[in-house]
Amino acid sequence: MADEAGGHVRAAGDTTAVRSGAALAVADLFREHHLELVRLAALLTGNQATAEDVVQDAFEGLHRGWPGLRRPSSGLAYVRSSVVNGCRAAHRRAAVARRYAPRLAERPEAAGPEAVSAADDRGDLAAALRLLPRRQREVLVLRYYLDLDVAEIAATLRITPSAVRSTSTRGLAALARRLRED
Amino acid sequence: MTDVEERLRRDLRQAAERIDPASVRPLRAPRRRRLPGLVRWLAPVTAMAAVIGVIFATSVVAGGPAGHTPPDTRPARTDGAQGNAVSGQDARQLASLAGAVTTLVASTEDEQDDAATYVADGRPAASAPKLIYQGQQSVTTLEATRFVSLARRTGQGLPPQAHTALNAALKQVAELPALRDQVVQTQTPALSVIQQYSLAISTLLTFDDQIASGSGDAVFVRDVNALSLLQRAEDAAAQERAILDAALARGQFQDGEQDELSAANLQERNVLILFDTEATSAQVHLYNSAVAGPQVNSATQMLAQALAIPPGGALRVTKPPAPAFFTVQKTWHEYMTFTLSKMRAVEQNLLTAISARSQALHWQAQRTILETWLKLAVVVLAVMALLVGVTRRRRTSRLAVR
């Protein structure tokens with residue numbers, strides 16, 4: 001799939017060397033990190049389809065913005081930030097949809113057979129995570145799923161390292177309370 | 001690592017691994033963006049257009065639409081680019097019109113003299129004085145037509161005072177035929193004819209007085225003032241010529257003529273004193289060297305003799321050195337005409353200086369406008385560059401390694 005996807009990217013109509021280089025680099029990133037990022041997005045949104053859309057948009061944005069990238073090595077950080085931002089946007093859209101069309105809205109937690117969540121899975125911290133505030137959820141997922149260090153999380157979320165640390169601490173404390181309650 | 005952390009890591013991995021790689025849809029090819037360049041430049045171009053729009057709107061509100069500049073009523077200044085920018089175009093039009101008025105005034109003065117002689121001769125039908133008078137009327141009419149044409153072509157948009165004076169001058173020109181009819185068809189005395197012509201000439205000269213109105217250029221104002229004074233002096237001299245011409249034609253002064261001659265002479269001298277004060281030393285020197293010579297001196301002597309005659313006395317004026325076939329009246333007429341021609345030559349010189357100055361002001365105004373637009377363009381380009389820079393920086397900062 002990755003090769004196929006890379007081929008799609010290269011076939012996007014770029015002819016210049018820079019564009020070809022960009023396509024190849026994006027294809028490499030895609031090959032290595034696509035699944036991981038889809039899973040990250042799924043953990044944040046709770047829905048695989050939404051996660052796939054978010055990641056696709058992120059890679060498309062990366063491909064489009066590659067010429068403006070100061071350092072090619074920052075591609076992964078960029079696409080990771082894009083995925084997190086895309087998840088927030090998906091949450092906002094879902095919230096708006098719930099607000100204005102509650103009966104038709106597709107709740108992330110109950111998005112059909114593809115739903116990653118298991119609300120009835122008592123004791124599952126991944127499920128309990130979705131009850132935390134957005135920022136805490138993002139920090140914990142980035143830290144304990146992607147194993148990013150504090151600096152990388154801070155860069156991805158555009159917050160300070162100290163905010164990452166405090167948010168992480170509060171999130172873990174909340175999860176611990178929830179576990180004790182369970 | 002705490003128990004919660006270990007458990008969270010494990011649960012997250014388990015939750016993530018529930019997503020089967022085979023179930024993930026393949027990445028679709030990105031949609032080809034339509035007109036990506038245009039979209040990328042849309043924001044800065046729109047911003048630039050907004051800036052230009054604001055500046056243009058501000059300039060329209062503050063200074064009126066292009067091509068229409070409000071009259072500059074500020075007092076004269078030594079130098080001021082803004083003042084020159086406002087009055088440059090007006091000054092050029094006014095200088096052009098002033099030249100036409102000066103020529104028309106000279107022609108009217110000659111007509112005044114011919115009319116006075118014709119009346120003093122008793123308005124003879126089919127006589128040389130009448131033919132001369134009619135010939136001069138044709139010349140004046142020609143000059144008047146030229147002036148009216150020029151005024152209609154360039155008289156729009158002048159400062160209010162100049163516009164009013166121009167309208168008065170045009171009205172006066174339109175009334176010239178009626179004055180001529182009065183001279184020929186009625187028994188109006190020569191002095192009255194001279195006075196009516198003087199009134200017409202004075203109205204025409206009022207326009208020349210307004211040439212400098214609204215101008216902020218001191219040199220331009222000074223030259224115009226000098227020209228105005230010289231024209232007044234010449235007008236007075238022309239009256240002297242006409243009055244004494246008429247008196248010499250009939251051999252005596254009529255009622256009030258000698259007093260009027262004396263008043264005209266006094267006015268000429270007073271105005272010339274003012275001219276010496278207002279004009280530059282070069283202009284004064286030019287006048288003194290141009291309006292000089294045996295003919296001028298002789299005319300002055302004849303005038304002095306005429307003024308010295310006691311009231312009611314016989315008009316006796318000694319003929320100065322002149323061709324033998326010249327009568328006293330002819331001598332006076334020729335010498336005084338020579339004097340007037342010299343004064344007009346100085347006026348032409350001043351007009352040339354005024355015209356050159358107005359041209360310079362016009363170019364200066366053009367340059368000021370060009371500089372303003374260049375500055376505006378630089379500002380707009382700077383704003384545009386800033387906007388583009390900010391846009392690019394914002395775009396790249398998103399991509400930068402953090």
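Things worth noting here:
- Within region B:247-275, being surrounded by 15 or more Cβ atoms within 10 Å (Cβ to Cβ) and either under 36 Å from the mean Cα position of the chain (by Cα) or over 28 Å from B:PHE326 (Cα atoms) (or both) holds for B:GLU260, B:LEU261, B:SER262, B:ALA263, B:ALA264, B:ASN265, B:GLN267, B:GLU268, B:VAL271, B:LEU272, B:LEU274, B:PHE275.
- Residue list for region B:211-231, restricted to those being surrounded by fewer than 22 Cβ atoms within 10 Å (Cβ to Cβ) and either without any contact (Cβ under 8 Å) to a residue 40 or more places away in the chain or closer than 13 Å to B:ASP276 by Cα (or both): B:ARG222, B:ASN225
- Some residue of region B:214-228 being in contact with a Phe, Trp or Tyr (Cβ under 8 Å, 6 or more places away or on another chain) and assigned to a loop (DSSP other than H, G, I, E, B): no
- Residue within region B:332-342 that is modelled with pLDDT under 85, in a helix (DSSP H, G or I) and over 30 Å from A:SER82 (Cβ atoms) present: no
- Leading residue by the ranking (surrounded by the fewest Cβ atoms within 10 Å (Cβ to Cβ)) among those in region A:128-141 that are more than 8 Å from chain B (Cβ to nearest Cβ) and touching a residue at least 60 places away in the same chain (Cβ under 8 Å): A:ARG130
- Test: residue in region A:156-166 that is part of a helix (DSSP H, G or I) and at the interface with chain B (Cβ under 9 Å from one of its Cβ atoms): yes
- In region A:128-150, the condition of being modelled with pLDDT of 90 or more and farther than 25 Å from B:ARG18 by Cβ is met by at least one residue.
- When B:ALA85, B:ALA115, B:ALA125, B:ALA95 are checked against the criterion of being over 30 Å from B:VAL390 (Cα atoms) and at pLDDT 90 or above, B:ALA115 stands alone in meeting it.
- Cross-chain or 6+ apart pairs with Cβ under 6 Å, region B:316-331 first and closer than 12 Å to B:GLY251 by Cα, then in a loop (DSSP other than H, G, I, E, B): B:VAL328/B:VAL317; B:VAL328/B:LYS319
- Residue match in region B:60-74 (condition: at pLDDT 80 or above and assigned to a helix (DSSP H, G or I)): no
- For first residues located in region A:49-71 and within 27 Å of B:ARG18 (Cβ to Cβ) and within 7 Å of chain B (Cβ to nearest Cβ), partners that are crowded, with 18+ Cβ neighbours inside 10 Å and among the aromatic types (Phe, Trp, Tyr) and lie 6+ apart or on another chain with Cβ distances below 7 Å form the pairs A:PHE59/A:PHE30.
- Subset of region A:37-48 [part of a helix (DSSP H, G or I) and more than 9 Å from every other protein chain (Cβ to nearest Cβ)]: A:LEU37, A:ALA41, A:LEU44, A:THR45
- Among the residues of region A:50-72, those that are surrounded by fewer than 23 Cβ atoms within 10 Å (Cβ to Cβ) and more than 16 Å from A:PHE30 (Cβ to Cβ) comprise A:PRO67, A:GLY68, A:ARG70, A:ARG71.
- Picking from residues in region A:7-33 that are closer than 20 Å to B:SER23 by Cα and facing another protein chain (nearest Cβ under 7 Å), the one that is modelled with the lowest pLDDT is A:HIS8.
The values are calculated or read from the model by the stated rules, or taken from the named source; none is laboratory data. Computed from a predicted structure; not experimentally measured. No Cβ is skipped: glycine too gets one built from the backbone with ideal geometry, and neighbour counts run over all protein chains shown.
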